[in-house]
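Remarks on the structure that follows.
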Amino acid sequence: VQLVESGGGLVQAGGSLRLSCAASGITFSSYAMGWFRQAPGKEREFVAAVNLRGDNTVIADSVKGRFTISRWNARNTVYLQMNNLRPEDTAVYYCAATPSYGPRVQSDYNYDYWGQGTLVTVSS
């Protein structure tokens, strides 16, 4: 199983980035997908999740209204569109896959597979 993130980089505050996560080795349409992030010196935190069909999402309060998650099952890819970025969004962003989309979707222990992460740096 491989989850490979891309799209990270350096952006100024107020800018936008779109992260992608390409999955292989799993039946992608059978897994809910999530994005998490970890800032230096902080614990990993939930960002967003999307269900199997892509018609239901959960977004963390800290990014609600600025970030959206979507998926394209035909391409085995999940996306995280990040707008109006802030310096506090600086972190390594990870995608993850879980067979269960329910009350625990915001908990990282719910996820079976993880990518290696992509760094997002937002300058002020």
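The values are calculated or read from the model by the stated rules, or taken from the named source; none is laboratory data. Here the structure is a predicted model, which is why all the values come from computation and not from measurement. So basically every Cβ, Gly included, is an ideal-geometry build from the backbone, and we count neighbours across all protein chains shown. To get the accessible areas, we keep the full protein, side chains included, count just its heavy atoms, and leave off ligands, DNA and RNA. Shrake-Rupley method; radii C 1.70, N 1.55, O 1.52, S 1.80 Å.
About its Cα centre, the dipole of the range 28-84 is roughly 120 debye, where the only charges are +1 on Lys and Arg Cβ and -1 on Asp and Glu Cβ.
Counting charges near Ala39 (Lys, Arg +1; Asp, Glu -1) among other residues having Cβ under 15 Å from its Cβ returns a value of -1. Peptides 90-98, 64-72 ranked from most to least packed by the mean count of surrounding Cβ atoms within 10 Å: 90-98, 64-72. For the range 1-82, the set of GluC sites (Glu not before Pro) satisfying both a DSSP loop assignment and a count of at most 14 other C-beta atoms within 10 Å is given as Glu43. Suppose we keep just the DSSP beta bridges with both residues in the chain; what percent of those would be antiparallel, to 5? For the chain, the DSSP antiparallel bridge percentage is about 90.
Remark: the range 112-122, residue by residue, has Karplus-estimated 3J(HN,Hα) of 8, 10, 9, x, 8, x, 9, 8, 10, 10, 10 Hz, where x stands for each Gly or Pro and the curve is 6.51 cos²θ - 1.76 cosθ + 1.60 at θ = phi - 60°. The charge dipole of the chain, taken about its Cα centre with unit charges on the Cβ of Lys, Arg, Asp and Glu (plus for the first two, minus for the last two), comes to roughly 220 debye. Between the residues Val105, Ala60, Val11, the greatest Cα displacement towards the positive end of the dipole of the chain, with unit charges on the Cβ of Lys, Arg, Asp and Glu, is found for Val11.
Rolling a 1.4 Å probe across the protein heavy atoms gives the chain an accessible surface of 50 Å² per residue.
Here the contact order of the chain, divided by its residue count and restricted to Cα pairs under 8 Å and six or more residues apart, works out to 36 percent.
Within the listed set Ala13, Ala23, Ala74, the residue fluctuating most in the Gaussian network model of the chain (springs between alpha-carbon atoms under 10 angstrom) is Ala74. Couplings 3J(HN,Hα) of the range 22-29, computed from phi: 9, 9, 8, x, 10, 7, 4, 6 Hz, in residue order, whole Hz [Karplus 6.51 cos²θ - 1.76 cosθ + 1.60, θ = phi - 60°; x for Gly and Pro].
When the Kirkwood radius is taken over all Cα pairs of the chain, what Stokes-Einstein diffusion coefficient follows at 20 °C and 1.002 mPa s, in µm²/s? For these conditions, the coefficient is 152 µm²/s.
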